[in-house]
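Notes for the one structure printed next.
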Amino acid sequence: MNKGKARKLRINILRYDPNDKNDRPHMETFELEEAPGMTLFIALNDIREHYDASLKFDFVCRAGICGSCAMIINGRPGLACRTLTSKMPDEITLAPLPVFELIGDLSVFTGNWMRGLNERLETWIHDEQLKLDFNRLEERMEPETAEEIYELDRCIECGCCVAGCGTIQMREDFVGAVGLNKIARYRIDPRDKRSDEEYYELVGDENGVFGCMTLLGCEDVCPKELPLQSKIAYLRRKMVAIGK
Ligand code: SF4
Ligand code: F3S
Ligand code: FES
């Protein structure tokens, strides 16, 4: 049986080691044979194993869960482990996500940025009474509300929406769709007792919901297909009402 010839892939990678003062950002091209079911994650491992052991990129789960393998793939943020080379042209260009601290080549430190965001937005349940009474039963919640919270909690903090947002390039303190999604998630959670004013304090300004210019890149590139647009619109309506 003739299975046909495997495709040759040309993978261009933006390489740079910010810790090496003699290094400059430059492209390197690797050619490899495509294998059945190959993902970019597999291709990158292939390159590291057979061509250049110094190539830096991140991965943990290989299943679209940990969010660590996000990079710019042919100009668009995406997860390397969920990108099949068979869906890509013969020539693939990879670059690290912008905005985040570069560790080297395709590896960026999203954890630092996300931690700062979570601390700034205090992304945990706020309930002063609960602190005083640990034995209190959690209050009941409508199944639809629980489902909505579950849906928004699927964010894997990959940073794709941040990399795909023009506003963040101009306004470095903008919380991005990831931050607004988190606030929407806590705003609908009946266990969180923060007042409207407290939420307004967090995202009722230009680094929050009023900075979003509805560029829509975030929802386009979110690998978890979160309903970012509708949640940003929901928050904006709420914040406008509170701010009046
Ligand atoms: Fe990634 Fe989507 Fe979460 Fe943004 S909202 S960090 S794109 S999973
Ligand atoms: Fe950015 Fe998404 Fe708003 S791309 S500007 S957060 S709609
Ligand atoms: Fe975990 Fe890709 S390696 S999302």
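Remarks
- Selected residue (criterion: surrounded by the most Cβ atoms within 10 Å (Cβ to Cβ)) from residues of the stretch 1-30 that are of a type outside the set (A, V, I, L, M) and under 17 Å from VAL108 (Cβ atoms): ARG15
- Residue list for the stretch 102-132, restricted to those being in a strand (DSSP E or B) and either surrounded by fewer than 13 Cβ atoms within 10 Å (Cβ to Cβ) or among the hydrophobic types (A, V, I, L, M, F, W, C) (or both): LEU102, ILE103, VAL108, PHE109
- Residues located in the stretch 57-113, provided they are of a type in the set (A, V, I, L, M, F, W, C) and within 12 Å of ligand 1 (Cβ to nearest atom): ILE65, CYS66, CYS69, ALA70, LEU79, LEU97, VAL99, PHE100, TRP113
- Residue satisfying all of: in the stretch 58-100; in a loop (DSSP other than H, G, I, E, B) and among the small types (Gly, Ala, Ser); surrounded by the fewest Cβ atoms within 10 Å (Cβ to Cβ) among these: GLY75
- Scanning the stretch 138-187 for residues that are within 16 Å of ligand 2 (Cβ to nearest atom), over 22 Å from CYS69 (Cα atoms) and of a type outside the set (Lys, Arg) yields a count of 8.
- Qualifying residue in the stretch 215-224 (condition: under 30 Å from LEU130 (Cα atoms) and modelled with pLDDT of 95 or more): no
- Filter result (among the small types (Gly, Ala, Ser) and in a helix (DSSP H, G or I)) within the stretch 172-223: GLY176, ALA177, GLY179, ALA184, GLY217
- Given (1) surrounded by fewer than 20 Cβ atoms within 10 Å (Cβ to Cβ); (2) within 16 Å of ligand 3 (Cβ to nearest atom), index of the condition CYS161 fails: (1)
- The stretch 204-236, residues that are within 16 Å of ligand 3 (Cβ to nearest atom), touching a residue at least 60 places away in the same chain (Cβ under 8 Å) and either farther than 14 Å from GLY166 by Cα or surrounded by fewer than 18 Cβ atoms within 10 Å (Cβ to Cβ) (or both): CYS222, PRO223, LYS224, LEU226
- Only one of the numbered conditions (1) assigned to a helix (DSSP H, G or I); (2) modelled with pLDDT of 95 or more is not met by GLN169, and that is (2).
The values are calculated or read from the model by the stated rules, or taken from the named source; none is laboratory data. In this text the structure is predicted, and so the values were computed from the model without any measurement. All Cβ positions, even for glycine, are placed from backbone atoms using ideal geometry, and neighbour counts span all protein chains on display.
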